[in-house]
1. Shielding of A:139-152 by partners, i.e. mean partner chain Cβ atoms within 10 Å per residue?
2. Going by how many other Cβ atoms sit within 10 Å of their own, how do A:Ser175, A:Ser133, A:Ser265 line up, fewest first?
3. Which of B:Ala110, B:Ala28, B:Ala147 moves most in a GNM of chain B, Cα contacts under 10 Å?
4. Based on the inverse mean of 1/r over its pairs of different Cα atoms, what is the Kirkwood hydrodynamic radius of chain A, in Å?
5. Using r as the Cβ-Cβ distance of A:Leu225 and A:Ala258, and R0 as 41 Å, what FRET efficiency do you calculate, to the nearest 0.05?
6. Calculate the mean, over all residues of peptide A:68-76, of how many other protein chain Cβ atoms lie within 10 angstrom of the residue's Cβ.
7. Starting from the Cα-Cα distance between A:Asp108 and A:Ser265, subtract it from 0.36 nm times their residue separation and give me the gain in nm to one decimal.
8. If r is the Cβ-Cβ distance from A:Glu92 to B:Arg9 and R0 is 56 Å, what FRET efficiency results, to the nearest 0.05?
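Any read-out appearing in this document is the output of simple, stated calculations on the displayed coordinates, not a laboratory observation. Computed from a predicted structure; not experimentally measured. Note that each Cβ is placed from the backbone with ideal geometry, even for glycine, and that neighbours are counted across all protein chains shown.
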Amino acid sequence: MSATREPPSALKEPVLDMAAREALAELLLGVADDEFVIGFWDSEWTGIAPMLEEDVATSSIAQDEIGHARALYELLADLTDDDADRIAFGREPDAYRHAALLNHARGDWAFSVARRWLYESADAVRLTALASSSWEPLAQLATKMRREETYHRLHADAWLRRLADAAPDVRGRLSGALTRLWPDAQDVFAPLATEEELVRGGYLPEPMRALHASWQHAALPVLELITGSLPAAEPSIDGRTRRTEDFAWLHGQFTMVARSEEGASW
Amino acid sequence: MVNAAAVDRREQRVWAALAEIADPEIPAISLVDLGVIGEVTVDADRIHVELLPTFVGCPAIEVMRARIGERLGELAIADRVEVEVSFATPWTSERISDVGRERLRQCGFAPPVMTDELGVLPIAECPYCGSRNTTLDNPFGPTLCRAIYHCADCRQPFEQFKRV
């Protein structure tokens, strides 16, 4: 245990054994990296969104997501006796564990709207499950995050509707982006190596395949109104380990300051 | 050993000091009226304050933490001051006190509109003229906790403290 930090609420919980810690660490890292990476992709729109309101909205959403990532990295750091900044900025690109959905560059506005909708709808299913995690610190944080994500979902829903009802060119771009991202979107629910332990301990109240089924059940009818029939798709084993050139570029951007002065605190 | 009455008096001093600390983003309202102070424990050798962020990613949290540490340190009634950021009790709009809601209004912020559901209703009461003939311009504003509205009656843009 780190002696320099004040006691985080995690340490007041019953002691977790090694297997439970490892499992929770894997779960937390995936969720935190998802929020962190989508937050940085969103921030790419600051100043160049199609309208002023969206400059403000995407920047605000990005700040929310990176704030969520920070809180999750701090829980993880307490659990593994590590440092949240090191976890966030001190890894090589292939050590990140975000879902393949978040590997792609931001693309055009329709592409960003498509990804945000896919991510928000999946994240909502996952957060609902995490809010009843048997590990209190995670359940508490997920409960708080859910209230904020309500605004993100409204934003994503409003833009999906708006582009779907727009001129054929716009609708075509949206439909194309949704179809292209559909396979990688499944990987928000990619199986975890420690999943059996997570479910047994109630840390993750339902297995990923059950959450995946709930998400598809809710998302497909909305999506297929826009895209027409989508191919059957399942999460893949390497859904959180595949990395791309796009992500390597983003990683270079978001670690730039940390790399410029190693070990500095801010 | 410290007797119960003395602890009580020390706790009162802590709360009084906290009530003097202004919110870094909206200085008209104190941290206590904003509802971000959770449980306060005063022991023989330490003061423990639970800080409940309005939004998880609120960048003002570190400033609040520092100000609380500094102000309570000045009281010199305990060796240590601990400020713990906590989500055990989620901050919700209901935690803003009546005084806090009035202060928000006075400095041009519409307080959050209360409904049974968390539904984000595009309703706000203009803090300038009291009209409800207002429209939501953007549910995202200059800080995480603020939305932007426009009043159709007095033609004034204004911000609302978001409901969460």
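1. Values: counts 2, 5, 4, 1, 3, 13, 5, 3, 9, 8, 0, 6, 9, 2.
Average neighbour count from other chains, rounded to a whole number: 5.
2. Numbers: A:Ser175 19, A:Ser133 22, A:Ser265 6.
Ranking A:Ser175, A:Ser133, A:Ser265 by Cβ neighbours within 10 Å, fewest first, gives A:Ser265, A:Ser175, A:Ser133.
3. Judging by the Gaussian network model, the answer is B:Ala28.
4. Mean inverse Cα-Cα distance, inverted, gives 19.1 Å.
5. Working: r = 43 Å, r/R0 = 1.05.
Approximately 0.40, to the nearest 0.05.
6. Details: counts 3, 2, 2, 5, 1, 0, 1, 1, 0.
Counting Cβ atoms of other protein chains within 10 Å of each residue's Cβ and averaging gives 2.
7. Numbers: separation 157, 0.36 × 157 = 56.52 nm, distance 3.51 nm.
Net length gain for the segment: 53.0 nm.
8. Working: r = 56 Å, r/R0 = 0.99.
My answer for the efficiency is 0.50.
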